[in-house]
1. May I ask for the net charge around His243, where only other residues with Cβ less than 11 Å from the Cβ of His243 are counted and Lys, Arg are +1 while Asp, Glu are -1?
2. Could you list, bin by bin from short to long, the percent of Cα-Cα pairs of segment 46-114 in 10 Å steps?
3. Determine, from the Cβ-Cβ distance of Val37 and Ser58 and an R0 of 22 Å, the FRET efficiency 1/(1 + (r/R0)^6), rounded to the nearest 0.05.
4. With the cut-off at 29 Å, tell me which of the pairs Lys157/Lys180; Lys64/Lys109; Lys84/Lys132; Lys84/Lys180 have Cα atoms farther apart than that.
5. Pop out the ³J(HN,Hα) list for segment 89-96 in order, Karplus 6.51 cos²θ - 1.76 cosθ + 1.60 with θ = phi - 60°, rounded to Hz; leave Gly and Pro as x.
6. Between Arg23 and Asp110, what length comes free when the chain is fully extended (0.36 nm per residue of separation minus the Cα-Cα distance, one decimal in nm)?
7. Express as a percent, rounded to the nearest 5, the fraction of DSSP beta bridges in the chain (both residues included) that run antiparallel.
8. Per residue of segment 52-59, in order, report the coupling 6.51 cos²θ - 1.76 cosθ + 1.60 (Karplus, θ = phi - 60°) as ³J(HN,Hα) in whole Hz, putting x for Gly and Pro.
Amino acid sequence: MNRLLLAFFFFVPSIASALPPEREYWITPDSLGLDYVQKELVTPDGARLLSWSLPTKSSEPLHKTLLITNATTGNMANMLHYAKAFLAAGFDVVLFDYRGFGHSSDFPKDPAYLYYNEYVTDMETAIVAAKKQFPENQLGILSFSASTILATLAVQKRPVDFIIGEGYVRDPSRIIEIWKVMDPSLKLVLPAGAEGYVQATRRIPCPMLLMTGTQDDITPPADVRAVADMRPNRTFLLYEGHHLQATIVWEENEFADGYVRRIREFVTSLR
């Protein structure tokens, strides 16, 4: 797939409120030749979420499940080329759509909100489902930008074995400040309870791999490194580039190969 098209889904502009959810899937697993199981997940408050579970066909399976989470724009179809690359590396993969995205339940989204607490509930539900789908595996989350907020909050109730965060958010209120400097016309607010986020980042006990770019103005290196420095089982990687450009910067021969290799090395080093 064209690298510039993939970059569009994350980098331009990577502000959760700026791009609306997409309801239709521009690509599906079968169109990429991927085996998958489609399921409908039901949240505790009754929302219905569409999910795709994709088993690896690798001759060297890692027995690791990667829950790849959308950055609260578009829908899970945007994650399929990532999924394909991770499947080839031996990961099993689970994708899902938040309420209001793809073919999940309707949900009125106010563009002023950076995120919704309901999305945290959705991710908690997806974590439970991923563990049931691949019960013998360790489970990790791969999150991007705004979805790192949701992952941080979801694992407070639903722990996982590892977290990978690209463009990891240190403090949502700081993100709003940064974006308002970039565009003073933006009207962004946080949901109830957001003031507890920073302490939540400190409480995560599992290993974490946190990445950002040298020229990332949204999740600057100093902020992401500060989260990594909170615990000794956290690893910080810095690439030469802007927000959410690691797959492009680290590409060696094909899409996401250097990106997947680094994540695979991190995950296989865990005990």
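1. Values: positive: none; negative: Glu166, Asp216, Asp217.
Summing Lys and Arg as +1 and Asp and Glu as -1 gives -3.
2. 21, 43, 25, 10, 1
3. Values: r = 18 Å, r/R0 = 0.80.
Result of the calculation: an efficiency of 0.80.
4. On the way: Lys157/Lys180 32 Å; Lys64/Lys109 33 Å; Lys84/Lys132 21 Å; Lys84/Lys180 36 Å.
Over 29 Å Cα-Cα: Lys157/Lys180; Lys64/Lys109; Lys84/Lys180.
5. 8, x, 7, 8, 10, 10, 10, 7
6. On the way: separation 87, 0.36 × 87 = 31.32 nm, distance 1.60 nm.
Difference between extended and current length: 29.7 nm.
7. Values: 10 of 36 bridges.
DSSP beta bridges in the chain are roughly 30 percent antiparallel.
8. 10, 9, 10, x, 6, 10, 4, 6
Bear in mind these aren't lab numbers, they're just calculated from the coordinates by the rules spelled out. Quick caveat: nothing in here was measured; it's all calculated off a predicted structure. When we count neighbours, we look across all protein chains shown, and the Cβ atoms used for this are built from the backbone with ideal geometry, even at glycine.
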